[in-house]
1. Could you tell me, in Å, what Rg and Dmax come out for the Cα atoms of chain B?
2. Return the distance in nm (one decimal) between the two label points of a simple spin-label model at B:Val100 and B:Cys128, each offset 7 Å from Cα along Cα→Cβ.
3. Assign unit charges at the C-beta atoms only (+1 for Lys and Arg, -1 for Asp and Glu), then state the dipole size of the stretch A:263-451 relative to its Cα centre in Debye, rounded to the nearest 20.
4. What percent do you get for the relative contact order of chain B when only Cα pairs under 8 Å and 6+ apart count?
5. Calculate the all-directions average of the projected area of the protein assembly as shown's alpha-carbon convex hull, and give it in nm².
6. For each pair in A:Lys145/A:Lys385; A:Lys47/A:Lys98; A:Lys195/A:Lys271; A:Lys145/A:Lys222, compute the distance between the two Cα atoms and list the pairs where it is over 27 Å.
7. Given an 8 Å cut-off on Cα distances and at least 6 residues of separation, report the relative contact order of the stretch A:263-451 as a percent.
8. With a cap of 11 neighbouring Cβ atoms within 10 Å, and only residues DSSP puts in a loop, list the chymotrypsin sites (Phe, Trp or Tyr not before Pro) found in the stretch A:97-153.
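Nothing in this text is a laboratory measurement; each read-out follows from the coordinates by a stated rule. Worth saying up front: this structure is predicted, and the values here are computed from it rather than measured. Every residue, glycine as well, gets a Cβ built from its backbone with ideal geometry; the counts of neighbours run over all protein chains shown.
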Amino acid sequence: MVFHLDKCIGCHTCSVACKNVWTDREGTDYMWWNNVETKPGTGYPTKWEDQDSYKGGWVTDGEDLELRSTSKSKIIPNIFHNPAQPSMDDYYEPWTYKYEDLFNAPEGDDQPTARPVSMVTGEHIDVEAGPNWDDDLSGSEVYAKNDVNMDGLNQEQRAQMMAIERLAFFYLPRICNHCLNPSCVAACPSGALYKRGEDGIVLLNQDRCRAWRSCIPACPYKKTYFNWSTGKSEKCILCFPRLETGQAPACFHSCVGRIRYISNLLYDADKIRELALLPDDQLVEAQREMILDPHDPAVIEAAKKNGVHDGIIRTAQKSPVYKFLKEWKLALPLHVEYRTFPMLFYVPPLLPVMSSTQGDVVRNEVDELFGDIEKARAPIEYLGKMFTGGNLGKLRYALRKQLAVRIWRRFVTVGDISEDKAKAALAEADCTPEAADEIYRLSALATFDDRFVIPPFQREMAIEMLEDPHDHRSITGFGSRMAPKRS
Amino acid sequence: MNDYFWLGTLPYISVFVFLLVTIRRYRIRAFSYSSLSSQFLENQQHFWGSVPFHYGILVVLGGHILGFLCPKAILSWNVAPLRLLVLEVTGLAFAVLTLVGLANIMIRRLRFPKARRVTTAGDWFIYCGLLVQVVTGIAIAVHYGWGSSWYSTSLTPWLWSLVKFSPDISYIAPMPLLVKVHIVNAFLILLVFPFTRLVHILVVPNPYLWRKTQVVIWNWDRKKIRKSAD
Ligand code: SF4
Ligand code: SF4
């Protein structure tokens, strides 16, 4: 999966599409399997990136890999009360309005109002937080200032980001990353979470979940949620019923900015453990190394030997994700230092450079039209903390290449930049004119078929042959054979 | 009170229902096999109920089971008065811990509207049952001391007579009412056990300690599919 952040317009269509399909039931009311947050900001749940308190992901001393939250030795003492467990206050209390009051209020001098009521207790509440409460509030004292990624910045950089005339923000849409080394799976005492072999989707067997909730602190992205009504955890299922019938997940399909790309990759699962032991700044490269070249005859041969179907190899070869990730090296994993090897990659945003007004004239502070990435409004260190485990080289590479593509396209379409200069910019960014055109096409003009290259799993047929699909339902993470009533 | 029914028949009914319903529920409604946690809705007081209650009851229940399985060991431990005293005091301390935890759990579930929202009638039934059990237990320990010894000499033989299908209630028929209430209530709890949240005790996740870290499930045999497609 790739999300192209420069294209996200922060419309939340993706979140609403997901909510309408999967989480409009009691107990899931506060869940947003897909959410969009404003960065800098504290996100949802509040400060989810603060692993000192939530204890998500893995830690390593170079030799061993351990869960930060519940290693096998720590689970026993914490079994009756896990202190890292988030509560509803960390998300928000879901509410609705008493709309009937608008119609039933007795006649009087005042307009009737619909008061907010909690969807948990049904009682009146004062709404103090919501799933996107920090939307567009960059620079705010309450939200942006408490962004965990700001911690590494020096005073000057922090002040710069908060200065009113320099404010900048971008949107960060998030879903479950369907990680290669999922800490949610590793933490589940009941073995209810699992990764599907065929497509790597991480699912949660509702019949086996025993409400230990170990997955919730363990997932550093806070993408498993506790259904307070059924007492089971739930998570994004990547719309597998859609994928199995050749359609993109609802959030991908509905994305207005067309920022989302999905396809399959071939990777070497045997390397996961060893590579997860590397230091933070080597992890981006390590994960790229794990992803194999689907055109390499040796890889194809090995894949076939392992029972990978030709159709799946073919879609891997056409994968837009592979291009962004390996060929162009534009896409980066979010918080790779959590060591779960997330399989959702982000093309980092190329923030606008400073401009100022003199009288009626808007001036760029730098002479060049597109400026210099070092002078971008969000300090490169800030983005580095989010996307490259602090490895700024990898980040600069991705930003510089995006910039070079813009310069090149300006030369092609407008022509006020000389060919030499455009070519020099490309060369400096390790890019060719052909690649630049292709990056441009896949970023700006991509159709459904370019963005969603979905492998022909035909999985439902396989399941029908093996077992009763009705029985199968409840173990696939969504749906159950009984009404979710408790006794 | 018809002693023979309560002490000679009820245990069989309870165990029978327990076995039948727990197995049936696991097979048909595995989904419901857990305890509905409310920590997510109320995380301030949760610790003070759940933790003392669980540790308390684990030790107390463990003591009862030990007395049932190896009464001789308990009796020989108790020959020295000091050791008997240590055992009694430990048991009592953990019983009080259980009571404190249980009281906190009940107060918390009453006091916080969000926790109340996920508390069912079945939960209240079981809380009251447990409360009676813990209170009578503590009262027995205080009034009729040295229970670890007389439990092993009187109750254990009766329990074994039940196991051997020749119930002999003469061991316990002369016991004080308080003790009988404690016993009968225990079997009533066992009777409702499979219908309530208590089933979560049966699904402690021991395999976690030795399973592989990651779980990957294939829904088809890859190699076979590959062959048929070739
Ligand atoms: S992002 Fe998804 S797969 Fe990764 S640890 Fe969290 S819930 Fe598990
Ligand atoms: S629908 Fe697309 S553009 Fe809109 S917020 Fe979601 S990811 Fe961004």
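1. 21.9, 80
2. 2.7
3. Around 400 debye, computed over the stretch A:263-451.
4. Rounded, it is 33 percent for chain B.
5. That works out to 42.5 nm².
6. A:Lys47/A:Lys98
7. That works out to 18 percent.
8. Counting only loop positions with at most 11 other Cβ atoms within 10 Å, the chymotrypsin sites (Phe, Trp or Tyr not before Pro) in the stretch A:97-153 are A:Tyr99.
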